[in-house]
Amino acid sequence: MLKHVVPPQPGNILLSKDMTAKLGDVGLSRIMRRPAHLPPGVPAPSTAQASQLVGTLTYVDPEYMRTGEYSTKSDVYALGVVMLQLLATRDKNSLISFVEKARNDARHDPARFSQAIDPSIQHSWPAVEALAFADLALQCVEFRRKDRPDLRTTILPTLVQLRNRAGLYHSGQPQQPTAKAVSMPGGQSIAVPAMFICPITQELLQNPVVAADGFTYEENAIKAWVERSATSPMTNLSLPHTSLTPNHNLRSALNEWLLCGNMREQCST
């Protein structure tokens, strides 16, 4: 396990010409090796003591400042600060409180959050996705380490969802997602309408259900999601409940579409 003694910050993130990110200035990183005395099956510690953590204090985990311990959640904190800086050009000392207030004010009207975005890039951020991105970033900068989301199970999947959703917009106008090709009976591959694709799995819906956020998902996929997260995979806002309602209308439309697809296949042969 690698833990950074220099917290990730914008000046350490290098971008290639194809926008591939590389993290630099990790010469003082420390490899966390499994202690030899631990018996098999016992997990290695997730934190370590460090007295030489360096870097800009803005990106330093506040719990490290209090306890002297750092962990992967310390990097999550630094990531959250970087994410907030992508949205708003504010003094670093007031950045978190500024975005938090803007997020709270826009809970019932996501369009209001656009006012908090740096004017030079405001047109590039769809309002709902920007609000969800800000909410995720604010979770990353929670004061208590245990309240921050996990990078692998929550942050990365959410960012992928937001990237895919943001890609549906062009010049501020929502566009239909690129249709996904699936194989139909007979081996023919056809494009599936976006409404029949699960936002989580990006596969054809089988058992569509409506979650508390109003979006339709594959039943097993959304059940697995809510087991590890209390937020919507589409908006990243808190789900008021975890009840699921079968989407019979969409299921009927899907069955009709599949039937028509079979008929088209028969006609073509």
> Non-local amide H neighbours of VAL192 (under 5 Å, H modeled in plane, Pro and chain starts lacking H): which ones?
Replying inline: LYS180, ALA181, VAL182
> Cα to Cα, under 12 Å, and not fewer than 8 places away if on the same chain: which aspartates and glutamates meet these conditions relative to LYS73?
Replying inline: ASP61, GLU63, GLU142, ASP147, ASP150
>> Suppose R0 equals 35 Å. What FRET efficiency, 1/(1 + (r/R0)^6) with r the Cβ-Cβ distance, do GLU203 and GLU69 give to the nearest 0.05?
In response: 0.25
> Once amide H atoms are built 1.01 Å from N in the peptide plane, which residues 5 or more positions from LEU237, or in another chain, come under 5 Å H to H?
Replying inline: SER232
>> How many angstrom lie between the Cα centre of segment 69-134 and the Cα centre of segment 190-247?
In response: 25
> Under the Karplus relation 6.51 cos²θ - 1.76 cosθ + 1.60, θ = phi - 60°, what is the ordered set of whole-Hz ³J(HN,Hα) values for segment 241-257, x standing for Gly and Pro?
Replying inline: 7, 10, 5, 10, 10, x, 9, 5, 5, 5, 4, 5, 5, 5, 4, 5, 5
>> Less than 10 Å Cβ to Cβ from GLN139, Lys/Arg counted +1 and Asp/Glu -1: what total charge do the surrounding residues give?
In response: -2
> Of LYS17/LYS146; LYS22/LYS92; LYS101/LYS146; LYS22/LYS101, which sit over 30 Å apart, Cα to Cα?
Replying inline: LYS17/LYS146; LYS22/LYS101
> Where in segment 214-261 are there trypsin sites (Lys or Arg not before Pro) that are in a DSSP coil and have at most 11 other Cβ atoms within 10 angstrom of their Cβ?
Replying inline: none
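Since every read-out is calculated from the coordinates, none of them should be taken as a lab result. This structure is a prediction, so every number in the text was calculated from the model and none was measured. Counting neighbours? That spans all protein chains shown, and the Cβs are built from the backbone with ideal geometry, glycine included.
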